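Read the structure below first, then the notes.
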Amino acid sequence: GDASVRGLLSSIRSEMVSAGEGSIKVLAELGITTQKDGTLAIDDAKLKTALDNNIDAVGTLFTGDKGLMARLETKVSAYAASDGILSKRISSLNVTLNGIDEQREVLTQRTEKLKERLYAQFNAMDLLVGQLLATSDRLSQTFDSLPGIAQKKK
């Protein structure tokens with residue numbers, strides 16, 4: 001799904017179907033066609049006929065300054081060079097991957113700190129609730145022991 005790879009494939013496909021120079025201009029004249037899945041299929045009979053009748057034209061299609069191999073080399077070299085498009089893209093993706101690893105570590109640390117803080121707050125609240133319940137029990141006992149109006153009616 002990467003745009004760089006799609007661009008490379010598009011360039012190669014374009015060169016494979018573009019016309020060259022000479023009496024044989026395209027691969028289809030040699031019986032080499034592209035199938036629906038993108039692979040090449042060879043019609044052996046048509047290729048044999050072209051090789052038997054006009055081998056020089058077949059050579060011209062593939063070789064020379066404007067031959068298919070030179071055109072493909074021009075397209076692919078921009079991608080395959082050590083400082084080419086694919087190398088730069090891989091470097092960029094590695095930098096992004098390292099950044100994600102660092103972000104994951106920071107997030108893990110923040111999560112741990114939050115967990116510790118929430119545990120501390122919960123424990124403090126639990127202790128306070130316990131103290132308030134104890135105070136409530138003492139006040140209830142005190143009120144129950146008072147004579148008169150403060151006593152509950154039974």
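For the reader, a short list of remarks on this structure follows.
- Helices (runs of 4 or more DSSP H) contained entirely in the range 1-68, each with at least 1 residues that are touching a Gly at 6+ places or on another chain (Cβ under 7 Å) and modelled with pLDDT of 85 or more: 44-53, 55-62
- The range 50-64 residues that are touching a residue at least 60 places away in the same chain (Cβ under 8 Å), paired with ones that are open to solvent by 70 Å² or more (accessible area, probe 1.4 Å) and assigned to a helix (DSSP H, G or I) (beta carbon under 8 Å, 6 or more apart): none
- Candidates are the residues of the range 28-80 that are small (Gly, Ala, Ser) and open to solvent by 40 Å² or more (accessible area, probe 1.4 Å); the one that is farthest from Ile12 (Cα to Cα) is Ala45.
- Qualifying residue in the range 89-106 (condition: in contact with a helix residue (DSSP H, G or I) (Cβ under 7 Å, 6 or more places away or on another chain), surrounded by 10 or more Cβ atoms within 10 Å (Cβ to Cβ) and closer than 30 Å to Val5 by Cα): yes
- Long-range neighbours under 6 Å by Cβ, at least six apart or interchain, first residue of a type in the set (Ser, Thr, Tyr) within the range 1-22, second surrounded by 15 or more Cβ atoms within 10 Å (Cβ to Cβ) and in a helix (DSSP H, G or I): Ser4/Ile85; Ser4/Arg89; Ser11/Lys75
- Ala124 vs. criteria in a helix (DSSP H, G or I), at pLDDT 90 or above, among the hydrophobic types (A, V, I, L, M, F, W, C) and open to solvent by less than 90 Å² (accessible area, probe 1.4 Å): yes
The values are calculated or read from the model by the stated rules, or taken from the named source; none is laboratory data. No experiment lies behind these values; they were computed from the predicted model shown. So basically every Cβ, Gly included, is an ideal-geometry build from the backbone, and we count neighbours across all protein chains shown. Accessible surface is based on the protein model in full, side chains and every heavy atom, while ligands, DNA and RNA are left aside. Shrake-Rupley method; radii C 1.70, N 1.55, O 1.52, S 1.80 Å.
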